[in-house]
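> One structure, as structure tokens, below. Some questions next.
The values are calculated or read from the model by the stated rules, or taken from the named source; none is laboratory data. From a predicted model like this one, the values you see are computed outputs, not experimental measurements. Here Cβ is always computed from backbone atoms with ideal geometry, including for glycine, and neighbour counts include all displayed protein chains.
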Amino acid sequence: MKKFLLSMALVAGMAGVNAQTVLFYDDFESYEDFLIDGIGEWIMIDEDLSGTYSGGGGSFPNQFDPKAFMVFNMFTAGVTNSDGSDGEERNFDPADQFDKYMGSWASVNSANNDWMISPPITLGAGGNVVEFLHKSLSSTYGYETFNVWIYVGTGIPTTGDFIPLDSNVTSNSWMSWLTYTKNLDAYAGQTVRIAIQCTSNDAYMLMIDNFKVTTEEMAGVSDLNQTISAVYPNPVVENFQVDFSTKFNVADVTLVLTDMTGKEVKSFAKSSSYNISDLPAGVYILKISDGKNTETKKIVKK
């Protein structure tokens, strides 16, 4: 899933429990492998300006170039895991059944000072949380460390514009992914950017995936007018679901799926989920309409 940025993607919960609204989510799956810049609306800042190490074999674009983070795919990189029998532990495994995550490789000439900065996200009135997965590639050279920062505003910040949320976080696992969470209610109702700064010193690679910001209380009606629909999971193996924008009259919603030539391949009435297991792998366009409002979404079928 490339990402979605919205103000009302309700995730159903138990009765009596506040509904969780996903304001922003990115699992980095739809970005081109090994990109180091131009990654959607993310901002990458390489403050150390150093070339980077690599490891595990393989050959891939931007491998040793100066960079902050890269969209990493172990399966197309040709790298291998190791239990330490070859002199170092390595675990490139992704966090889920998909392929990609963000990786910050160790800088050659200095400690890492590498930033990945989110798009602007407008927080709700309460229950705001940022969450993401993180892991070290190895423990052989020490665990990875990072800081988390926040910027208030809609502009393009420099690293000096950020306020610290957490410092010197250690990603002390190389076999399993860990979850970082932080409450953001001190900035409720404001538009913010969240930054992850890799600060490791001669380690290996910090791995980041499934970045999400949620709220339990929307800030107001004006936020609802900015909503867009969310399609997930994306890429799709068999079934996908849609959280419809509040602009739609859901009783009248229809969905039409076309291939990249514009040929219709499937159509659906509103349902709890939509099955495309019979379609070949590829990229499709989903058109959502209620007769008055229309949205289009790109879907990747695996």
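> Out of curiosity, is residue 236 surrounded by 14 or more Cβ atoms within 10 Å (Cβ to Cβ), aliphatic (A, V, I, L, M) and touching a Lys or Arg at 6+ places or on another chain (Cβ under 6 Å)?
Against the criterion (surrounded by 14 or more Cβ atoms within 10 Å (Cβ to Cβ), aliphatic (A, V, I, L, M) and touching a Lys or Arg at 6+ places or on another chain (Cβ under 6 Å)), residue 236 qualifies.
> Let me ask you something else. So, residue 124, is that one in contact (Cβ under 8 Å) with a residue 12 or more places away in the chain and not basic (Lys, Arg) or not?
yes
> I'd like the residue in segment 217-266 that is within 18 Å of residue 292 (Cβ to Cβ) and of a type in the set (S, T, N, Q) and, out of all such residues, is modelled with the highest pLDDT.
Ranking the qualifying residues of segment 217-266, first place goes to 254.
> Quick one: in segment 269-288, which of the residues that are more than 22 Å from the chain's Cα centre (by Cα) and part of a strand (DSSP E or B) is surrounded by the most Cβ atoms within 10 Å (Cβ to Cβ)?
Looking at residues that are more than 22 Å from the chain's Cα centre (by Cα) and part of a strand (DSSP E or B), I get 288.
> Now a separate question. Is it the case, given these coordinates, that residue 179 is exposed (fewer than 14 other Cβ atoms within 10 Å of the Cβ), touching a residue at least 12 places away in the same chain (Cβ under 8 Å) and in contact with a Leu (Cβ under 8 Å, 6 or more places away or on another chain)?
yes
> Looking at residue 58 and the list (1) touching a helix residue (DSSP H, G or I) at 6+ places or on another chain (Cβ under 8 Å); (2) surrounded by 16 or more Cβ atoms within 10 Å (Cβ to Cβ), which single condition is not satisfied?
(2)
> Which one of these does residue 110 not meet: (1) surrounded by fewer than 22 Cβ atoms within 10 Å (Cβ to Cβ); (2) closer than 30 Å to residue 302 by Cβ?
(2)
> What number goes with the only condition from (1) surrounded by 13 or more Cβ atoms within 10 Å (Cβ to Cβ); (2) assigned to a loop (DSSP other than H, G, I, E, B) that residue 291 does not pass?
Unmet condition: (1).
> Tally the residues that are farther than 14 Å from residue 231 by Cα and assigned to a strand (DSSP E or B), restricting the search to segment 255-267.
5
> Going through segment 159-176 one residue at a time, which ones are closer than 21 Å to residue 68 by Cα and either part of a strand (DSSP E or B) or touching a residue at least 40 places away in the same chain (Cβ under 8 Å) (or both)?
Within segment 159-176, 159, 163, 164, 165, 166, 167, 168, 169, 170, 171, 174 qualify.
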